[in-house]
Amino acid sequence: MTEWVRPAGTAASDGFELAVRPGEAEWHHTGLLVRTLLPGQSVEIESGDCEYIVLPLSGSAEVIVDGDAVPLGGRADVFAGATDLAYVPRNTTFAVVSAGGARIAFPHAKAATDHPFRRIGADEVETELRGAGVASRQVRNFGTPGVLEADSIIACEVITPAGNWSSYPPHKHDEHKPGKESELEEIYYFELQLSDDVPEGVKGNDPIGYQRVYGTEERPIDVLAEVRSGDVVLVPHGWHGPAMAPPGYDMYYLNVMAGPGTERQWLITDDPQHAWVRELWNSQHLDPRLPFGQTGDES
């Protein structure tokens with residue numbers, strides 16, 4: 001483990017199996033909590049100076065704000081489809097309860113202004129099929145500008161079929177360059193599963209993937225992490241990608257981004273050594289295994 005890689009279970013705190021919060025050493029803007037709720041269990045959170053998203057990873061739940069219970073229809077798992085979610089502003093005490101049990105992610109980020117509480121239905125989540133060939137992937141833009149009104153947080157889900165590369169070509173967003181690049185920290189939270197083409201009878205496998213992060217001479221960082229379900233890689237700066245799904249293992253990751261800029265936008269710079277890869281997509285087909293799942297699948 002490095003300071004930027006948090007294997008599952010190593011970042012547990014206060015009843016959350018994963019707790020990354022802004023304010024840690026060299027980590028300033030973004031956070032992610034993950035909590036498993038048994039049937040009938042609930043968790044209460046005070047948002048403080050952060051805005052939150054309530055995102056069911058599996059199962060369904062209700063968000064209770066000011067005495068009102070807002071239902072979130074869930075999903076069997078992150079590969080099954082999009083899910084309902086909720087946005088919670090700063091300085092709000094809210095609870096999440098699940099009658100049947102659920103695993104909930106709470107992406108959050110430091111915020112300077114308030115936006116109203118909002119429920120977003122699974123049918124409002126925009127699905128984007130990005131790349132081509134072995135760089136094909138599926139992006140669910142549930143918390144991006146244009147879908148979610150917020151102060152600073154940008155969040156999305158990415159599905160990478162077995163054998164494919166995501167976050168490719170490698171790119172960065174660690175400098176403020178108006179109209180060209182925005183300064184954003186980023187969290188990668190991973191889950192993996194056996195792909196459909198794995199032979200019957202294969203059991204007990206421990207699906208793995210890989211994530212690369214590297215820096216510049218001025219700002220060095222060097223991460224090549226083997227990741228499993230529940231693992232997190234933090235990207236404080238530098239080039240990141242590829243996220244690699246080996247043959248036999250489909251990869252999911254949740255991205256959470258925020259930064260110090262006053263304008264909420266995701267602008268990237270490709271690593272110039274690898275930017276030419278995008279040109280290949282013009283002569284390649286999208287992976288026929290995409291898209292994964294049906295929007296609105298429920299557990």
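The values are calculated or read from the model by the stated rules, or taken from the named source; none is laboratory data. Small disclaimer: the values here were computed from a predicted structure and weren't measured. Note that we place each Cβ from the backbone using ideal geometry, even for glycine, and neighbour counts take in every protein chain shown. Accessible surface areas use protein heavy atoms only, side chains included; no ligands, DNA or RNA. Shrake-Rupley method; radii C 1.70, N 1.55, O 1.52, S 1.80 Å.
Structure values in brief
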| quantity | calculated |
| --- | --- |
| Percentage relative contact order, the chain, counting C-alpha pairs under 8 Å, at least six apart | 22 |
| Gyration tensor verdict on region 1-145 (Cα atoms; rounded if a/c is under 1.5, prolate if a/b is larger than b/c, oblate otherwise) | rounded |
| Candidate aspartates and glutamates - alpha carbon under 18 Å from LYS177, same-chain residues fewer than 8 apart omitted | GLU185, GLU186, GLU218, GLU263, ASP270, ASP271 |
| Global form of region 61-128, assessed from the alpha-carbon gyration tensor, a/c cut-off 1.5 | oblate |
| Label-point separation in nm, TRP276 to ALA69, each point 7 Å along Cα→Cβ | 6.0 |
| Hz values of 3J(HN,Hα) by residue in region 152-158 - Karplus curve (6.51, -1.76, 1.60), Gly and Pro given as x | 9, 6, 10, 8, 7, 10, 10 |
| Net dipole in debye of the chain [+1 Lys, Arg Cβ; -1 Asp, Glu Cβ; about Cα centre; nearest 20] | 300 |
| Selection from VAL70, GLY293, ILE153 lying farthest towards where the dipole of the chain points positive, charges on Cβ | GLY293 |
| Share of carbon and sulfur in the accessible heavy-atom surface of region 202-243 [1.4 Å probe, %] | 47 |
| Within region 174-298: Cβ-based charge dipole about Cα centre, in debye rounded to nearest 20 (Lys, Arg +1; Asp, Glu -1) | 120 |
| Segment ARG118-SER13, length gained on full extension (0.36 nm per residue, minus Cα span) | 35.1 nm |
| Among ALA11, ALA112, ALA135: highest mean-square fluctuation, GNM of the chain, C-alpha pairs under 10 Å | ALA112 |
| Spatial separation of Cα centroids for region 198-239 and region 156-170, in angstrom | 12 |
